[in-house]
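Colleague: Take this structure first; my questions come after.
The values are calculated or read from the model by the stated rules, or taken from the named source; none is laboratory data. Predicted model, so just to flag it, every value in this text is computed and none were measured. Glycine also receives a Cβ, built like all others from the backbone with ideal geometry; neighbour counts cover every protein chain displayed.
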Amino acid sequence: MDPLYLSNTDCPCCATNFEITRVRPSFKNPNRSDTDFCGYYKNGVNPDFYVVRICPSCGYSFSENGVKQLSDEDKAIYFAEIGKHWVSEYFHGERTIQQALTAYKRALMIAQLMKAENRLIAGLLHHIAWLYRYMEQEQDEQRFLQFALEKYIVVYENEENSEKNAKLLYIIGELNKRTGQYSEAVKWFSRVVNDKSIMDAGMIRASREQWKDIGEILAQQRESNLS
Ligand SMILES: [Zn+2]
C-alpha cells in the first residue's frame with residue numbers, strides 16, 4: 001500500500017481549495033525516536049515532511065495543527081509582506097527533505113509575521129532542527145535547537161500551569177542538554193523528577209535518565225582534563 005494519499009483542504013487566506021498529500025495513519029509510527037522525539041521511519045516516508053501545507057494560489061503556508069481563518073487585516077499583512085512575492089508552485093506529491101525544509105521555513109516566516117502562538121512557532125523551529133539533523137548539518141541543527149529552546153522557555157513563562165507540564169519541562173531540559181548547557185539542563189530535569197505533583201511516569205523516567213547521562217558526561221570531562 002502506498003503510504004501517501006491525496007486529500008484536499010481550503011486555504012485559510014484566499015479560500016482556494018487545493019490538493020494535499022497526506023501520510024496514512026498506519027505509517028505514522030516511528031521505528032525509533034531520539035530523546036527529543038525526532039522520529040526515524042523505516043519505510044523512508046517521514047510524516048513530518050507533510051505537516052506544512054502550501055496554498056498553490058497565494059503561497060500561504062500553515063501546519064495541519066492550529067489552522068485559523070485569517071481576518072481581512074491579516075490577509076492584507078500577509079500579501080503586503082510575503083504573498084506578493086509568490087510564484088505559483090505545487091507542493092503536492094512525495095516531498096524531498098529539501099522541499100520539507102522549504103515548507104517549514106516558509107510556514108515559520110508566516111507564523112512569525114502573523115504572531116502565531118509561541119507553542120506553534122517553537123514546534124516549527126524544533127522540526128527544522130530535526131531536518132538539519134537528518135542531513136547531518138550540525139551547525140544549523142544547533143542554531144535551530146537554540147531558537148526552539150528560547151521559544152519553549154517563552155511558552156513556559158506565558159502558559160498557565162506550565163510548571164506542571166512535564167513534557168514541556170523535559171523538552172526544555174533536553175534542548176539545553178543538546179546545546180551543551182548542562183547545568184541549565186539539570187535544573188529543568190530535576191523539576192520533573194522532584195515535583196511530587198507531577199505524575200507523568202514516562203517523562204519522570206526520561207528526565208532521570210538524561211540527568212544521569214549529564215553526570216556521566218561531566219565525570220568524563222573532568223577525567224580528560226586531569227589526564
Ligand atoms: Zn491561498
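Colleague: Can we say ILE217 is in a helix (DSSP H, G or I), β-branched (Val, Ile, Thr) and within 24 Å of LYS105 (Cβ to Cβ)?
Modeller: Answer is no for this residue.
Colleague: Condition (residue is within 14 Å of the ligand (Cβ to nearest atom), among the hydroxyl-bearing types (Ser, Thr, Tyr), surrounded by 21 or more Cβ atoms within 10 Å (Cβ to Cβ) and in the same structural domain as ASN17 (by TED's automatic domain parsing)) applied to the stretch 98-112: is it met by at least one residue?
Modeller: No: the stretch 98-112 contains no residue that is within 14 Å of the ligand (Cβ to nearest atom), among the hydroxyl-bearing types (Ser, Thr, Tyr), surrounded by 21 or more Cβ atoms within 10 Å (Cβ to Cβ) and in the same structural domain as ASN17 (by TED's automatic domain parsing).
Colleague: Can you tell me which residue in the stretch 39-56 is farthest from the ligand (Cβ to nearest atom), limited to those that are assigned to a strand (DSSP E or B) and β-branched (Val, Ile, Thr)?
Modeller: VAL52
A quick yes/no check of all residues on (1) modelled with pLDDT under 95; (2) of a type in the set (Gly, Ala, Ser); (3) surrounded by 21 or more Cβ atoms within 10 Å (Cβ to Cβ):
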{"residue": "GLN139", "(1), (2), (3)": "no, no, no"}
{"residue": "ARG143", "(1), (2), (3)": "no, no, no"}
{"residue": "LEU175", "(1), (2), (3)": "no, no, yes"}
{"residue": "GLY180", "(1), (2), (3)": "no, yes, no"}
{"residue": "ARG191", "(1), (2), (3)": "no, no, no"}
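Colleague: Follow-up. Can you give me the number of residues within the stretch 5-38 that are surrounded by 13 or more Cβ atoms within 10 Å (Cβ to Cβ) and either in a loop (DSSP other than H, G, I, E, B) or within 16 Å of the ligand (Cβ to nearest atom) (or both)?
Modeller: 18
Colleague: On the given criteria, is ILE198 of a type in the set (A, V, I, L, M), surrounded by 11 or more Cβ atoms within 10 Å (Cβ to Cβ) and part of a loop (DSSP other than H, G, I, E, B)? Give the derivation first.
Modeller: On the way: of a type in the set (A, V, I, L, M): yes; surrounded by 11 or more Cβ atoms within 10 Å (Cβ to Cβ): yes; part of a loop (DSSP other than H, G, I, E, B): yes.
In short, yes.
Colleague: Now for a different question. Go over the candidates LYS75, LYS42, LYS105 one by one and state the one that is touching a Leu at 6+ places or on another chain (Cβ under 9 Å) and basic (Lys, Arg).
Modeller: On inspection, the qualifying residue turns out to be LYS105.
Colleague: Which condition number does ASP2 fail, the rest of (1) more than 26 Å from ILE171 (Cβ to Cβ); (2) surrounded by fewer than 15 Cβ atoms within 10 Å (Cβ to Cβ); (3) touching a residue at least 24 places away in the same chain (Cβ under 8 Å); (4) more than 16 Å from the ligand (Cβ to nearest atom) being met?
Modeller: Among (1) more than 26 Å from ILE171 (Cβ to Cβ); (2) surrounded by fewer than 15 Cβ atoms within 10 Å (Cβ to Cβ); (3) touching a residue at least 24 places away in the same chain (Cβ under 8 Å); (4) more than 16 Å from the ligand (Cβ to nearest atom), ASP2 violates only (3).
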